[in-house]
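A short write-up of the structure that comes next.
Each value in this text was obtained by applying a stated rule to the coordinates, not by laboratory testing. Keep in mind that this is a model prediction, so the values were computed, not measured. Quick reminder, even Gly has a Cβ in these numbers, built from the backbone with ideal geometry, and neighbours come from all protein chains shown.
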Amino acid sequence: MVAVLTPILAEQLPVEEPRRQRILRRGEEPEADPIEQVPDGAPEPSEQLMAAEALQRLEQELTALPPRQQQAFVLRCLEGMDVAETAAAMGCSAGSVKTHYFRAVHTLREKLGEVW
């Protein structure tokens, strides 16, 4: 019975035009695609530029530090070493590492306060 009704119903029912095509034909704005509404997670170009400029300033100010302060900062912050590892790498005491690191951070904060 279903096999007999299917061709009859198919002839009687109009072919449904996709909704998007009907809207476009009428000149209305189609609904926004929800997938296109999802942010991609990438930073805006202006944010990327600001971050690049901030890193460039950090590099400039870092090179202006005395060599021991540079070492302490790079090893502690960028390499992720703890005080003991940094002291072993620099060949000095833990107290010396703390002093050099503190002075480096203090100087960088003064110079980069508005950027960083």
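Report the full-extension gain for the segment Ala52 to Glu79: residue separation times 0.36 nm, less the Cα-Cα distance, to one decimal in nm.
7.7 nm
Estimate the FRET efficiency between Glu114 and Asp40 by the formula 1/(1 + (r/R0)^6), using the beta-carbon distance for r and 30 Å for R0, to the nearest 0.05. Don't skip to the end; give the middle numbers.
Details: r = 30 Å, r/R0 = 0.99.
After rounding, the FRET efficiency stands at 0.50.
Quick check on region 56-112: what are the equivalent-ellipsoid semi-axes from the Cα gyration tensor, as sqrt(5λ), descending, whole Å? Provide the component values of the computation, followed by the final result.
On the way: eigenvalues 74, 23, 16 Å².
They are 19, 11, 9 Å, listed from largest to smallest.
Net charge within 14 Å of Ala51 by Cβ-Cβ distance, Lys/Arg positive one each and Asp/Glu negative one each, not counting Ala51 itself?
Numbers: positive: Arg57; negative: Glu44, Glu47, Glu53, Glu59.
The answer is -3.
Which ordering of Asp40, Asp82 is given by a fewest-first count of other beta-carbon atoms within 10 Å?
If I rank by nearby Cβ atoms, fewest first, I get Asp40, Asp82.
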